[in-house]
1. Could you identify the single residue in Arg90, Arg78 that is at pLDDT 95 or above, farther than 20 Å from His218 by Cβ and of a type in the set (D, E, K, R)?
2. Would you point out which residue out of Leu124, Leu143 is touching a strand residue (DSSP E or B) at 6+ places or on another chain (Cβ under 8 Å) and either outside any loop (DSSP other than H, G, I, E, B) or over 23 Å from Val185 (Cβ atoms) (or both)?
3. State all residues of the range 182-231 that are buried (at least 23 other Cβ atoms within 10 Å of the Cβ), more than 17 Å from Pro151 (Cβ to Cβ) and either in contact with a Lys or Arg (Cβ under 6 Å, 6 or more places away or on another chain) or aromatic (Phe, Trp, Tyr) (or both); if no residue qualifies, say none.
4. Does Gln177 qualify as being free of Cβ contacts under 8 Å to residues at least 40 places away in the same chain and either over 18 Å from Gly241 (Cβ atoms) or in contact with a Ser or Thr (Cβ under 8 Å, 6 or more places away or on another chain) (or both)?
5. Residues Ala181, Ala252, Ala175, Ala248: which one is under 18 Å from Pro140 (Cβ atoms), of a type in the set (A, V, I, L, M) and modelled with pLDDT of 95 or more?
6. Residues to consider are Arg173, Arg239; find the one that is closer than 24 Å to Tyr119 by Cβ, surrounded by 14 or more Cβ atoms within 10 Å (Cβ to Cβ) and not acidic (Asp, Glu).
7. Quick test of your reading of the structure: Phe80 fulfils all but one of (1) of a type outside the set (Asp, Glu); (2) buried (at least 19 other Cβ atoms within 10 Å of the Cβ); (3) touching a strand residue (DSSP E or B) at 6+ places or on another chain (Cβ under 9 Å). Name the failing condition by number.
8. I'm trying to understand the selection: among the residues of the range 105-121, which are surrounded by 15 or more Cβ atoms within 10 Å (Cβ to Cβ), part of a loop (DSSP other than H, G, I, E, B) and in contact with a helix residue (DSSP H, G or I) (Cβ under 6 Å, 6 or more places away or on another chain)?
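The values are calculated or read from the model by the stated rules, or taken from the named source; none is laboratory data. Keep in mind that what you see is a predicted model, and the values were worked out from it rather than measured. Methodologically, a virtual Cβ is constructed for each residue, glycine included, from the backbone with ideal geometry; neighbour enumeration extends over all protein chains shown.
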Amino acid sequence: MQIATWNVNSVRSRKERVLAWLVAQQPDVLCLQETKVTDDAFPRADFEALGYHVTVSGQRTYNGVAILSRTSPVGVVRAFADGEEEQEARFLTASVSGVQVVCVYVPNGQVVGSEKFAYKLSWLGRLRRYLDRHCDPTGPLALCGDLNVAPEPRDVHDPAAWQETVLFHPQARVALQDLCAWGLVDAFRLHHSQAGVYSWWDYRQLAFPKNHGLRIDHILVTQTLAARCTGAYIDRETRKGQGASDHAPVVASFSQ
């Protein structure tokens, strides 16, 4: 089973790229973030024509998540339902071929110390509590998405420069660690220990050709799935070319 995640930064703008990638890579599951489209306007027919079931939670202009799966999903949930206000489409989960797939787009946070940064930390806490209430850490679960946090210095091209930003701030990293403490491990790091491998590069300042990136897109898995993980990689090639998303797909493979 192959599971992938990709922040496409508008599924309609990137549709042809995503379709071509699906044809070339043939993943069983692809989680998308920043689809930036309402559910009724999602170009589902194009993906269904390739044999994918399309499960979406979207909104106009901002945010939005989707799960594309070769088998029909069951138990679809689109909200934390924890009594707190939910106006942003950032969370989607469903069981696919016996694996609980959780697709998330964690808030960026904008500026450390701002209300949006506090919201980011709070949102990560709500995600952890959702897992506590509704999921089993001993079962097969993959939490996929743009988590907007680089976990370690080796995941950042210049840790000192990024230390006080929302993507690598100590508070954000602690929040991610607390999420993982539920029972999640980094599928990519099961197979790669080296620094300098990233999933996101700013469009500005020639960040991509200089490889000034951060690894903020992740597939986090329970130990049950980790034991079955046969490989993982970041598809840097897909970040190349005019009209690309500023993120690259992350892919992990699992034995049956």
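1. Working: Arg90 fails: farther than 20 Å from His218 by Cβ.
Result: Arg78 is the single residue among Arg90, Arg78 that is at pLDDT 95 or above, farther than 20 Å from His218 by Cβ and of a type in the set (D, E, K, R).
2. Going through Leu124, Leu143 in turn, the sole match is Leu143.
3. Trp201 - this is the single residue of the range 182-231 that is buried (at least 23 other Cβ atoms within 10 Å of the Cβ), more than 17 Å from Pro151 (Cβ to Cβ) and either in contact with a Lys or Arg (Cβ under 6 Å, 6 or more places away or on another chain) or aromatic (Phe, Trp, Tyr) (or both).
4. The answer is yes for Gln177.
5. Working: Ala181 fails: under 18 Å from Pro140 (Cβ atoms); Ala175 fails: under 18 Å from Pro140 (Cβ atoms); Ala248 fails: under 18 Å from Pro140 (Cβ atoms).
Selected residue: Ala252, the only one of Ala181, Ala252, Ala175, Ala248 that is under 18 Å from Pro140 (Cβ atoms), of a type in the set (A, V, I, L, M) and modelled with pLDDT of 95 or more.
6. Numbers: Arg239 fails: closer than 24 Å to Tyr119 by Cβ.
Only one candidate passes the filter, namely Arg173.
7. The number of the failed condition is (2).
8. Of everything in the range 105-121, those that are surrounded by 15 or more Cβ atoms within 10 Å (Cβ to Cβ), part of a loop (DSSP other than H, G, I, E, B) and in contact with a helix residue (DSSP H, G or I) (Cβ under 6 Å, 6 or more places away or on another chain) turn out to be Pro107, Gly109.
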